[in-house]
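Written out below as structure tokens is the structure these notes cover.
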Ligand SMILES: [Zn+2]
């Protein structure tokens, strides 16, 4: 951005992401924002709009307990976290006998006390559980053919979601979003390292070998034998790394949308031809299934799959067994005693139990949260606002100069077919059998929950997909997203909090808050990822005419260049390519709500609320890390790069050439 001195000194605070599913990072750095130098009253809107709106709040907010994070999003997070804690305490201090079997309250009550007891001197697993773990491992060690091995992998996958050969599993069928399909995910190193690092050899392969060695010794293998085996095991993983398209796998790991765009559909016959050794039936066996009920699967890296197939031979059987053992133990190690590799719990008592309930029973807790905090009026207001925004998009698309008539028609059809999930689902019907999910120990409960997850996946494969965006995000999450395969937006109850939405605000302030979030999410249907999916959520890159796709790319390249020319903390450039989809969404969301407004007084409220919602502090190191990790631009950029693209900003604030916020008219990139 053309930065003024004021903007440049806005160091300590920065960033965080809105948008799609990222947890705030935790870092040890807590560089405080008690910044000496700073005269926030001296910041002019014309030079640094983000600082003008946020500096005072950010410099005075309390960030002591939040790892340096401050600003509206973390304030909402903290408030919701307190509320969740309150709900859990209310339930666990209530009368257990009054809770229906299988109800949210019963599950929360029982699991809370189970986790509490385990973390305060009790144990996470019983003698029986330990015997079970030992049985599983002896079972793996006694496998004597590849076919038995595949069946054993199927057991591990069904019970624990662990597939030692491929990552599994079942997902939306890209070509038919109403169905599920099997997705053979890439092999990853059993110690959690990346294949790229393993392929470098040296330390990484060494660490892998010693992880395997230690686990084998823990479970009774003679140390010398364990040593020899672990070296052979690491070398097998190395062979797989050599047969892998590392660049492809990296691209998939870095960018979730890429992982969908690069998936290849292969028929069962094609998999049999590519993998003559175990074939499609072999892979399905590792998922606990007897053949593939569909006519094909999605894969990513053909070369890797063929390499794995060629390595699944009797000579390598011992190595594969060790890989299975390491994968299984890593899955259950948290519940095992010290001598089997477990470690002490980091936190004890109530804190531990609360966090466990929040994670393991997120959906159940979410329903309890919505029951207490969902306000019908707010949901209605935001839903009406979202409909107004959809209507405005239709006007914008109709007027867009770079789209063909056919392209406009298709985009409008996709807009009209988009579902809005705002607030929270209705509570599910209580099933008394769910009471059995809470087992005798934490270990047992986790086992039951893993089995439940497996069953849900298989249901997706056999019964198809429900078009329900709520299942993607719980109401207590402070976030919003667009789901390309459902063609839906999710606006959680959590994000419908002040300053995003506040019933005491004006309509225009709320439009600048939650309205820009809605506009942002809708735009994802038409960004570099969303443009690959048709109005039903099917992956279909040619759903609109080629001329429109080319025109889109042309428009997007200007926006990418514009952002790549911006920096934070003076010298650190934004990656315009990495952040493209989010930048398109930011610009689009603001453009859309500005066009709903009728005068500059209303637009001013929109601009100021928009800047306010993205106020955020974060330690400097994290801000720099996020530059290459986060698909969102830093928050200061999300505001200061977007608002000067609109002529009314210059009229309202009297911005002139030479001011920090000034962007020459020819550089004001346009989204639509
Ligand atoms: Zn987004």
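Scan segment 457-475 and give yes if some residue there is buried (at least 22 other Cβ atoms within 10 Å of the Cβ), part of a loop (DSSP other than H, G, I, E, B) and within 16 Å of the ligand (Cβ to nearest atom), otherwise no. Yes: one or more hits. When segment 545-556 is limited to residues that are surrounded by 14 or more Cβ atoms within 10 Å (Cβ to Cβ) and under 17 Å from residue 667 (Cα atoms), the one that is farthest from the chain's Cα centre (by Cα) turns out to be 555.
Across segment 418-431, a minimum of one residue is classified as over 20 Å from the mean Cα position of the chain (by Cα), on the phi < 0 side of the Ramachandran plot and within 16 Å of the ligand (Cβ to nearest atom).
So that you can scan it fast, the table gives a plain yes or no per residue for (1) part of a strand (DSSP E or B); (2) modelled with pLDDT of 95 or more; (3) outside the structural domain of residue 540 (by TED's automatic domain parsing):
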| site | (1), (2), (3) |
| --- | --- |
| 247 | no, no, yes |
| 259 | no, no, yes |
| 273 | no, yes, yes |
| 280 | no, yes, yes |
| 292 | no, no, yes |
| 298 | yes, no, yes |
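Each residue in segment 611-654 was checked for being within 16 Å of the ligand (Cβ to nearest atom), in contact (Cβ under 8 Å) with a residue 12 or more places away in the chain and assigned to a helix (DSSP H, G or I), and 6 of them qualify. In the set 339, 371, only one residue is in a helix (DSSP H, G or I) and in contact with a helix residue (DSSP H, G or I) (Cβ under 8 Å, 6 or more places away or on another chain); that residue is 339. Scanning segment 557-590 for residues that are more than 14 Å from the ligand (Cβ to nearest atom), under 21 Å from residue 531 (Cα atoms), at pLDDT below 90 and buried (at least 18 other Cβ atoms within 10 Å of the Cβ) turns up just one, 576. Pick out the one residue from 438, 486, 412 that is within 16 Å of the ligand (Cβ to nearest atom), in contact with a helix residue (DSSP H, G or I) (Cβ under 7 Å, 6 or more places away or on another chain) and not assigned by TED's automatic domain parsing to the domain that holds residue 642. From the options 438, 486, 412, the qualifying one is 486. Criterion applied to 210, 193 was being in a helix (DSSP H, G or I) and closer than 22 Å to residue 342 by Cα, and the one residue passing it is 210.
Taking residue 631 as the residue in question, decide whether it is touching a helix residue (DSSP H, G or I) at 6+ places or on another chain (Cβ under 6 Å) and within 19 Å of residue 578 (Cβ to Cβ). Considered against the rule, which asks whether it is touching a helix residue (DSSP H, G or I) at 6+ places or on another chain (Cβ under 6 Å) and within 19 Å of residue 578 (Cβ to Cβ), residue 631 comes out as yes. Just one of the listed residues (113, 99) is over 27 Å from the mean Cα position of the chain (by Cα), outside the structural domain of residue 657 (by TED's automatic domain parsing), within 12 Å of residue 354 (Cα to Cα) and surrounded by fewer than 21 Cβ atoms within 10 Å (Cβ to Cβ), namely 113. For segment 171-184, filtering for residues that are surrounded by fewer than 21 Cβ atoms within 10 Å (Cβ to Cβ) and touching a helix residue (DSSP H, G or I) at 6+ places or on another chain (Cβ under 9 Å) leaves 2.
Residue 150 meets all of the listed conditions (1) closer than 30 Å to residue 262 by Cα; (2) outside any helix (DSSP H, G or I) but one, namely (2). Picking from residues in segment 447-456 that are closer than 20 Å to residue 328 by Cα and out of contact with any helix residue (DSSP H, G or I) (no Cβ under 7 Å at 6 or more places or on another chain), the one that is nearest to the ligand (Cβ to nearest atom) is 453. Here residue 652 qualifies as surrounded by fewer than 24 Cβ atoms within 10 Å (Cβ to Cβ) and touching a helix residue (DSSP H, G or I) at 6+ places or on another chain (Cβ under 8 Å).
The values are calculated or read from the model by the stated rules, or taken from the named source; none is laboratory data. Just so we're clear, the structure is a prediction, and the values are computed from it rather than from any experiment. Please note: Cβ atoms are built from the backbone with ideal geometry, for glycine as well, and neighbour counts cover all protein chains shown.
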